[in-house]
Amino acid sequence: MNLEQQQSILAIALFAAFADGSKDDREREEIRRITESLAGESGAPDLARLYQDVLLKRVSLEAAVSGLQDLGECQLAYEMAVCVCDADGRQGEAERSFLRELKALLRLDAGQTAAFDNAADAMVELSEAAAPAAAITAAAAGPVVAAQPNVSEEELDKSILNYALMNGALELLPQSWASMAIIPLQIKMVYAIGKAHGVALDQGHIKEFIAAAGVGLTSQYLEQFGRKLLGGLLGKVAGKTFGHAGSAATGMAFSFATTYALGQLAKRYYAGGRTMNTAMLKDTFQNLLGPAKQMQTQYLPQIQQQASTLDMGRVMTMVRGV
């Protein structure tokens, strides 16, 4: 895949990120940061400029699509766009309209996208199920007195590590649906940590918590896919999946470390009565992220072993918690 094709696919992913109007300034800022960091990769397209071109409508979706001719590249671009649109656990009408337009421009028919569309719908349902909706929200509850968890700290740490190992393993799988499972699992993990401290929270609060820590949902997908593309980790194979042409260490370390640091942050947040403000959440998360990245090498054998046993059925069962 050459630079022009990479740029086309990433431009389409950015169009998907802004399809709903991108009303959240925090997410927009995080997307900007991601594109600038990816632009520093050797031989990469000028993504910082691409971000501005898409945001300011200096480039059209039609122009981005015109850079793709191969069926596999078109399918990859569509799948990335679906993942970005689904990052918040749902698709609004504006996003559905965007995806219909994109599918037509890419000349993909229903048969070519059916398997992935079904997997995407299932992941959205699992994301909704990861944290029950009929629960109190942080805004309604307000700060609470710090409480001891109803499980031991060792058990919480083991659970957080298991989620991190699973999400690291998902990055080793070639299927596009694998990355889509990372955010539902993070939502489930945070919900379980809150519940262990006697706090039942809905999915909206959990997503706000994740965003406040500086881990944007949409930007997580953009970073995962962007680094795979620019690092040359995606190679075309027969059918609808894309295999790894080289080491997946960057993506694996990113997902493992992000999940582990997020879990440790949630543990501190709920144990402390939810008194951390946004600045403190971000600072604490960044301080936890460095050590978490170093841990990835230590747990590499376990991550690889997890990846060897994963299939879609097992991942869905884990997210459902049954």
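Examine the stretch 290-303 for a residue that is free of Cβ contacts under 8 Å to residues at least 40 places away in the same chain and touching a Leu at 6+ places or on another chain (Cβ under 8 Å), and state whether such a residue exists. For the stretch 290-303, residues free of Cβ contacts under 8 Å to residues at least 40 places away in the same chain and touching a Leu at 6+ places or on another chain (Cβ under 8 Å): absent. Among the candidates 47, 76, 56, the residue that is at pLDDT 85 or above and out of contact with any Asp or Glu (no Cβ under 6 Å at 6 or more places or on another chain) is uniquely 56. Summed over the stretch 10-20, residues that are part of a helix (DSSP H, G or I) and within 17 Å of the chain's Cα centre (by Cα) total 7. The one condition from (1) over 16 Å from residue 167 (Cα atoms); (2) at pLDDT 70 or above; (3) part of a loop (DSSP other than H, G, I, E, B) that residue 215 does not meet is (1).
Does residue 190 qualify as being among the aliphatic types (A, V, I, L, M), surrounded by fewer than 20 Cβ atoms within 10 Å (Cβ to Cβ), under 21 Å from residue 259 (Cβ atoms) and modelled with pLDDT of 65 or more? So residue 190 does not fit the description; no. Comparison of 250, 278, 258 shows that the only residue that is within 30 Å of residue 205 (Cα to Cα) and either at pLDDT below 80 or in contact with a strand residue (DSSP E or B) (Cβ under 7 Å, 6 or more places away or on another chain) (or both) is 250.
When each of 27, 95 is tested for being of a type in the set (Asp, Glu), in a helix (DSSP H, G or I), closer than 29 Å to residue 206 by Cα and modelled with pLDDT of 85 or more, the lone residue that passes is 95.
Residues in the stretch 137-176 that are more than 30 Å from residue 115 (Cβ to Cβ), among the small types (Gly, Ala, Ser), part of a helix (DSSP H, G or I) and at pLDDT 65 or above: 159 alone. Under the condition of being outside any helix (DSSP H, G or I) and of a type in the set (A, V, I, L, M, F, W, C), the residues counted in the stretch 295-322 number 2. Restricting attention to the stretch 203-224, the residues being in contact with a Phe, Trp or Tyr (Cβ under 9 Å, 6 or more places away or on another chain) and of a type outside the set (A, V, I, L, M, F, W, C) number 5.
The values are calculated or read from the model by the stated rules, or taken from the named source; none is laboratory data. A quick note: this is a predicted structure, and the numbers were derived from the prediction, not measured. Backbone-built Cβ (ideal geometry, glycine too); neighbour counts: all protein chains shown.
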